[in-house]
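> My structure is below; once you've seen it, I'll send some questions.
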Amino acid sequence: MHRRDLLRAFGAATALALLPHESHAAWTRVASGVPPANGLGAGHLALIAAIADTLLPRTDTPGAVDVGVPAFVDVIASENYSDPDRAAFVAGLGAVATQLTSAAGIPFTDLTPEYRGMAIEAMERIADRRTEPARTYWRLKGLVVHGYFTSERVMKDVLKVQVMPGVFDGSAPMPLARGAR
C-alpha cells in the first residue's frame with residue numbers, strides 16, 4: 001500500500017469524526033482570508049508549507065499546500081493553543097528547522113523534494129518522540145494530516161464524502177397505499 005493510499009484510507013475513516021467543531025471553525029477562519037492577529041511568522045509558515053508539501057505533495061489529487069493546510073495550522077496554533085503551548089510549538093518549529101537543515105547548511109525550505117524526503121525520513125527515525133524536535137514534528141504532522149483530510153476540497157473531491165447523505169427531493173413520486181384510489 002502506498003503512503004497516499006494509507007493516508008486516504010485514514011482520512012476517510014476519521015474525517016467526519018474530527019470535523020465537527022474545531023476543524024470547521026478553523027477552516028471557516030481560513031476562508032475568511034484574515035490572518036490571525038498573533039499568527040506565525042513568514043519563516044515558520046514557509047517551513048510548515050515545505051513540510052506539508054513533502055508529506056502530502058500534489059499528484060493526481062491536490063497537495064496539502066494546494067488546500068491551504070499551512071493557513072489551517074497557523075489558525076490552530078495561533079487561536080486554539082494556550083499561550084504556553086503556542087510558545088512551545090513556535091520554539092519547537094525552530095528546533096525542527098535546525099534538525100531538517102542539510103549537512104551542507106541548506107535550509108529545508110531550499111532543498112529539492114528528494115532531499116526534503118530524506119530529511120523527513122531521518123526526522124521520523126528519531127526514537128524518542130517526547131523530546132524536541134521530534135515532539136513538535138509529530139504534532140505538526142498530525143495537524144497537517146488532520147487539516148488536509150478535513151479540508152472541504154479533499155472531503156468533496158478526493159474522499160467523495162457527503163457530509164449530509166441523501167438528497168431532498170420535494171416532488172418525489174409516492175406509491176399509492178393498498179386500497180387507496
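The values are calculated or read from the model by the stated rules, or taken from the named source; none is laboratory data. Predicted, not measured: the structure shown is a model, and the values here were computed from it. Here the Cβ positions follow ideal geometry from the backbone for every residue, glycine too, while neighbour counts run over all protein chains shown.
> Among what's in segment 73-114 and is hydrophobic (A, V, I, L, M, F, W, C) and surrounded by fewer than 19 Cβ atoms within 10 Å (Cβ to Cβ), pick the residue that is modelled with the lowest pLDDT. Break it down into steps so the answer makes sense when it comes.
Initially, segment 73-114 is screened for residues hydrophobic (A, V, I, L, M, F, W, C), giving 73, 75-77, 87-91, 93, 95-97, 100, 103-104, 106, 108, 111.
From what is left, the residues that are surrounded by fewer than 19 Cβ atoms within 10 Å (Cβ to Cβ) are 87-88, 90-91, 95, 103-104, 106.
On the way: Ala87: 95, Ala88: 96, Val90: 96, Ala91: 96, Ala95: 95, Ala103: 84, Ala104: 88, Ile106: 95.
Selected residue: Ala103.
> Let me spell it out: the conditions are (1) under 12 Å from the mean Cα position of the chain (by Cα); (2) in a helix (DSSP H, G or I), and Val67 meets all of them except one. Which number is the exception?
So Val67 meets the others, but not (2).
> Right, Ala134: closer than 14 Å to Ala97 by Cβ and small (Gly, Ala, Ser) or not?
It is true that Ala134 is closer than 14 Å to Ala97 by Cβ and small (Gly, Ala, Ser).
> Continuing with the same structure: Which number in (1) farther than 25 Å from Ala87 by Cβ; (2) not in a loop (DSSP other than H, G, I, E, B) marks the one condition that Ile106 misses?
With respect to (1) farther than 25 Å from Ala87 by Cβ; (2) not in a loop (DSSP other than H, G, I, E, B), Ile106 is out only on (2).
> Sticking with this structure for a sec: Look through segment 16-54, keep the residues that are closer than 13 Å to His146 by Cβ, among the small types (Gly, Ala, Ser) and at pLDDT below 95, and return whichever of them is farthest from the chain's Cα centre (by Cα).
The residue in question is Ala17.
> Would you please list the contacts, defined by Cβ atoms under 9 Å and residues six or more apart or on different chains, that run from a residue in segment 119-137 that is among the hydroxyl-bearing types (Ser, Thr, Tyr) to a residue that is part of a loop (DSSP other than H, G, I, E, B)?
Tyr137/Ile126; Tyr137/Arg129
> Within the set of pairs 6 or more residues apart or between chains, which connect a residue that is of a type in the set (D, E, K, R) inside segment 81-100 to a residue that is crowded, with 16+ Cβ neighbours inside 10 Å with Cβ atoms less than 8 Å apart?
As it stands, the answer is Arg86/Ala77; Arg86/Ser78, since those pairs meet every condition given.
> Next up: Give just the number: which of (1) of a type in the set (A, V, I, L, M); (2) closer than 16 Å to His44 by Cα; (3) outside any helix (DSSP H, G or I) does Leu143 not satisfy?
Going through (1) of a type in the set (A, V, I, L, M); (2) closer than 16 Å to His44 by Cα; (3) outside any helix (DSSP H, G or I) one by one, Leu143 breaks only (3).
> Could you say which residue among Val161, Val154 is in a loop (DSSP other than H, G, I, E, B) and in contact (Cβ under 8 Å) with a residue 12 or more places away in the chain?
Answer to the check: Val161.
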